[in-house]
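The values are calculated or read from the model by the stated rules, or taken from the named source; none is laboratory data. The structure presented is a predicted model; accordingly, all values stated were derived computationally and were not measured. All Cβ positions, even for glycine, are placed from backbone atoms using ideal geometry, and neighbour counts span all protein chains on display.
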Amino acid sequence: MTPSSRFPFFRQGLCLLTLIACSALPPAASAHHSFALFDQTQTLTIKGVVERFAWTNPHITIYVDAPGPPAQRFKIETGSVNALKRTGWTADSIKAGDNAEVSFKPLKNGEPGGLLVEIKIGDVVLSGGG
Amino acid sequence: MKSALTSRTAMIFLGVVLVTFTGMSSAATASKPQTDKHSVAKRPDISGTWERTPDDWFGENPDDPVHPGGPMDLKAPYAAEYVELKKKQAVANEAGTPIATTSSKCLPEGMPTMMAALFPIQIIHDDKQVIVLGEYLQQVRRILLNQPMPPIEKLDPLYQGHSRGHWEGDTLVVETQRVRTDVLFYDVPHGPAMKITERIRLRGPDHLENQVLIEDPQVLNTPYRFTFEYKRSNYAIQEYVCENNQIVIDSEGKASLSLE
């Protein structure tokens with residue numbers, strides 16, 4: 001049982017800067033796996049192109065191709081569809097081909113991936129959830 | 001006068017017939033469920049969507065949640081195993097390969113964890129049953145009302161166990177048995193004879209309380225008690241299909257994220 005609501009950055013939920021004001025949002029939650037996969041002490045930021053947006057449970061996943069060097073595909077995981085839908089995410093919040101700036105808590109094993117903190121696409125900022 | 005007496009005699013006769021018939025009828029249906037004296041119109045309406053309260057019920061660390069009734073009074077071998085498990089988990093977490101749980105495999109939480117309502121739950125009820133729908137993993141729990149619990153040897157183990165309930169005044173009392181023994185509660189196992197008793201009642205129109213008692217002669221020295229509090233929510237429970245599990249579990253039970 002691992003709800004994300006205890007992490008301040010998870011609780012920010014979604015802030016569509018161009019559409020709605022950030023306000024008090026219900027806590028996002030995930031029970032699927034431990035957050036120990038990720039290094040909570042670090043936040044990395046990459047820029048790239050969204051290769052795929054998987055609107056799926058138990059986690060929404062965003063695949064981002066970063067030019068590097070070295071060129072890498074990052075697998076960025078975030079909360080469940082149910083939790084993030086409550087904060088305003090939709091199935092078309094992110095699309096393949098979007099240019100994105102992504103900050104995330106990296107995988108401890110050093111592989112190119114992590115837990116989403118925030119993704120910026122143009123003026124839209126989406127905050128992650130566990 | 002005679003007419004009145006005749007009428008009274010007829011009423012008494014009719015009454016005797018009715019009582020006799022009713023008695024026969026009851027005897028004939030003795031094995032059927034009792035009638036719930038708390039009809040739909042009279043009993044408390046606990047239907048609706050519920051979320052846990054207060055918001056910080058889980059504690060600060062998602063990998064070390066607060067036990068709802070404090071530490072459990074475990075019998076010696078289980079207490080030692082629990083300490084060892086916590087050490088093993090700490091090492092695995094530090095390495096970034098946490099030990100997988102049933103949830104990591106998209107399996108149901110089971111009882112009583114489902115009632116912890118990490119995601120919202122919805123309650124639907126009528127005279128014969130209370131249905132609890134958990135959004136997380138689309139779990140379903142059926143509580144049959146006014147039916148005796150079958151002998152334990154007749155019950156197959158289930159994630160949510162077998163639940164029988166009845167109303168005592170404003171309180172729904174539910175007994176649950178035969179929860180699968182691979183279902184853990186806060187990483188604590190249980191024996192096949194574990195019994196969960198819940199006392200569920202409205203403390204206000206939008207405030208639901210569930211007093212839970214776990215008795216387990218195999219694992220617990222003393223019964224474990226705690227209370228889940230819920231607030232009413234206008235949230236509509238959504239579909240949750242665990243279709244895209246990206247967790248890879250190795251031979252030691254440690255989890256990592258697939259990069260596929």
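For this structure, a couple of remarks:
- Of the residues in the range A:17-38, none is modelled with pLDDT of 95 or more and assigned to a loop (DSSP other than H, G, I, E, B).
- When residues of the range B:106-116 are limited to those that are facing another protein chain (nearest Cβ under 10 Å) and assigned to a loop (DSSP other than H, G, I, E, B), the one surrounded by the fewest Cβ atoms within 10 Å (Cβ to Cβ): B:Cys106
- Count of residues meeting criterion [among the aliphatic types (A, V, I, L, M) and either surrounded by 20 or more Cβ atoms within 10 Å (Cβ to Cβ) or modelled with pLDDT under 95 (or both)] in the range B:153-173: 1
- Filter pass, B:Leu85 being in contact (Cβ under 8 Å) with a residue 60 or more places away in the chain and aliphatic (A, V, I, L, M): yes
- B:Phe228 satisfies every condition listed in (1) touching a residue at least 24 places away in the same chain (Cβ under 8 Å); (2) more than 18 Å from B:Gln122 (Cβ to Cβ) except (2).
- Qualifying positions in the range B:46-105 - facing another protein chain (nearest Cβ under 8 Å), polar (S, T, N, Q) and within 17 Å of B:Pro120 (Cα to Cα): B:Ser103
- From B:Ile237, B:Ile247, residue being in contact (Cβ under 8 Å) with a residue 60 or more places away in the chain and closer than 21 Å to B:Met115 by Cβ: B:Ile237
- Filter result (at pLDDT 95 or above, among the charged types (D, E, K, R) and assigned to a loop (DSSP other than H, G, I, E, B)) within the range B:46-84: B:Asp73, B:Lys75
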